[in-house]
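*Asks:* This is the structure I want to talk about, given as structure tokens.
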Amino acid sequence: MTYARNVFAGELFDTWLSVKFESRNHLRRRRFLIVIVLAILVPFLFYLVNTLGDVDFINSGSSFALHTLAFLNVLIIICATLFAGDAVSGEFEKKTGLLLFPTPQSRTSIFIGKYLAALLATFIVAALYCAVTTVEIIGMYGTGGIPAELARAYGLSALYAVSAVSVVYFCSSVFKRTMASTILGFISLFMLLPVLERILSLVDIEPWFIVTYSAKLIIQDLGEITFEGPMRMRFALEGFTPDLETGIAVMAVYAVVFFAGGIIVANRKGME
């Protein structure tokens, strides 16, 4: 029992070292600065449009949060792609994995650390986006303008971030080229799954099992997005609406299954 406990403690420590090392790498990269700027700039643009432009359909904290957070899932996909797209494939492409694997640290702790570091970086960016949005709501409508559904929206965005990072991380484990894994991870979440979701909706099949469909839960309770044209004609987005419990379960399954699959594939590649 004592031996098993020591081994487990050693694995945790090795994983923490991997997380620390990879997090420092992310912080030093220009890509982290780019997404930080996006996390501040995008909500600020919504703020400017709302305060200086003629957008009378954004007239409350709920409507402002609705339209601002509609971009959050895109930012999460971008972050997942930038931070997890080369997490594993980069080691094989640059041959640095050959230096890491013979060390006393286990492959599993290395790969888990890389995953957690990518997830932490994504969380930081998403949290900053949410914080800026909240401050802007308070500035325009006061603390009373903060919608009660906002906390749940932020929680669901964090869960979607975990599932998105897991999907991209799996792609990084499958491919040995960073370009292939990064592109496939981004296209899968940004294009392939949404297109499949749309096709199923057109034939009257609810795409409840697609994670990007569950991501709609982030803004679902904040209202209905409308687009207003020059003729003051408003068009609402129509279709199925995801169920909260089902959506949470789907995002959790994607997070666990693709993370576990990525670890298994990465370990097998390391032994080849």
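*Asks:* Taking 0.36 nm per residue of sequence separation and subtracting the Cα-Cα distance, how much length would be gained by fully extending the chain between residue 51 and residue 151, in nm to one decimal?
*Replies:* That pair, residue 51 and residue 151, stretches by 33.6 nm at full extension.
*Asks:* Rounded, prolate or oblate: which fits region 119-160 when a ≥ b ≥ c are the square roots of the eigenvalues of the alpha-carbon gyration tensor, with rounded for a/c under 1.5 and prolate only if a/b beats b/c?
*Replies:* Oblate is the answer for region 119-160, as a/c is 1.5 or above yet b/c matches or exceeds a/b.
*Asks:* Let me ask something additional. If neighbour count is taken as other Cβ atoms inside 10 Å, put 51, 133 in order from fewest to most.
*Replies:* Ranking 51, 133 by Cβ neighbours within 10 Å, fewest first, gives 51, 133.
*Asks:* State whether region 128-205 is rounded, prolate or oblate according to the following rule on the C-alpha gyration tensor (a ≥ b ≥ c being the square roots of its eigenvalues): a/c under 1.5 gives rounded; otherwise a/b larger than b/c gives prolate, and the remaining case gives oblate.
*Replies:* It comes out oblate by the Cα gyration axes.
*Asks:* Distance in nm between label sites at residue 143 and residue 127, each 7 Å beyond Cα in the beta-carbon direction?
*Replies:* 2.2 nm
*Asks:* Next question, about the same structure. Per-residue counts of other Cβ atoms within 10 Å, averaged by peptide: what ranking do you get for 79-89, 192-202, 244-254, highest first? Could the numbers behind the result be given before it?
*Replies:* Details: 79-89: 27.5, 192-202: 14.8, 244-254: 17.5.
The packing order, highest mean first, is 79-89, 244-254, 192-202.
Read-outs: derived from the displayed coordinates by stated rules, not from any lab. In this text the structure is predicted, and so the values were computed from the model without any measurement. With ideal geometry, Cβ positions are generated from the backbone for all residues, glycine too; neighbour counts draw on all protein chains shown.
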